[in-house]
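S.K.: The following block contains the structure, expressed as structure tokens.
The values are calculated or read from the model by the stated rules, or taken from the named source; none is laboratory data. Keep in mind that what you see is a predicted model, and the values were worked out from it rather than measured. So basically every Cβ, Gly included, is an ideal-geometry build from the backbone, and we count neighbours across all protein chains shown.
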Amino acid sequence: MPHIVIEHSKGILTQIYRDSFMRDIHNSIAGMHGCELDRIKTRAIEYDSGRTFVGEQGTFAEMVHINLKLMPGRSDEDKTELAKALYQAANTHVPVDKFPNRSLTVEVSELHGPSYQP
């Protein structure tokens, strides 16, 4: 725990070194607000061309969405700091000046503690 799920359009991560991107995202929250590196689980889901549609650009835009899933109990301030760390790490790999039609978003969500089975 926690889980980091990276959803992205196919084209955006073929232009960068995917392992480096995932490693930087994975490590960006290590040690913050109870996120121990050895417990962080990171995975990426790639969507083929035509399976993502972003704003007015439609299928011509690229997207990266990161969802950080946490157990309940962290403050809104802690969640905001974690989201900002993830955003900054991702933005170094997919900056808007190099990817002008990209959408980069981050959200933090809480898992249902009583039903979560580690």
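S.K.: Quick one: Leu86 ticks every box in (1) part of a strand (DSSP E or B); (2) within 15 Å of His33 (Cβ to Cβ); (3) of a type in the set (A, V, I, L, M, F, W, C) bar one, so which box is it?
M.R.: (1)
S.K.: Residues being part of a loop (DSSP other than H, G, I, E, B), surrounded by 14 or more Cβ atoms within 10 Å (Cβ to Cβ) and hydrophobic (A, V, I, L, M, F, W, C): count how many of those fall in the stretch 46-69. Can you show your working first?
M.R.: Filtering the stretch 46-69 for residues part of a loop (DSSP other than H, G, I, E, B) gives 48-53, 59-61.
Those still in the list that are surrounded by 14 or more Cβ atoms within 10 Å (Cβ to Cβ) too: 52, 61.
Narrowing further to those that are hydrophobic (A, V, I, L, M, F, W, C): 61.
Residues that pass the stated criteria total 1.
S.K.: Filtering the stretch 32-45 down to residues that are buried (at least 16 other Cβ atoms within 10 Å of the Cβ) and β-branched (Val, Ile, Thr), which residue is farthest from Lys79 (Cα to Cα)?
M.R.: Thr42
S.K.: Another one. For the stretch 59-93, give me the residue count where each residue is among the charged types (D, E, K, R) and out of contact with any strand residue (DSSP E or B) (no Cβ under 6 Å at 6 or more places or on another chain).
M.R.: Qualifying residue count for the region: 6.
S.K.: In the stretch 6-31, which residues are among the hydrophobic types (A, V, I, L, M, F, W, C) and crowded, with 16+ Cβ neighbours inside 10 Å?
M.R.: Here is the first cut: in the stretch 6-31, the residues among the hydrophobic types (A, V, I, L, M, F, W, C) are 6, 12-13, 16, 21-22, 25, 29-30.
Selection gives Ile6, Ile12, Leu13, Phe21, Met22, Ile25, Ile29.
S.K.: Restricting to the stretch 1-57, and then to whatever is under 14 Å from Thr92 (Cα atoms) and among the small types (Gly, Ala, Ser), can you tell me which residue is modelled with the highest pLDDT?
M.R.: Step by step, filter the stretch 1-57, then rank; the result is Ser28.
S.K.: If a residue must be more than 15 Å from Val106 (Cα to Cα) and part of a helix (DSSP H, G or I), how many such residues does the stretch 25-45 contain?
M.R.: Of all residues in the stretch 25-45, those more than 15 Å from Val106 (Cα to Cα) come to 27, 30-41.
Add one more test, that the residue is part of a helix (DSSP H, G or I), and what stays is 27, 37-39.
So the answer is 4.
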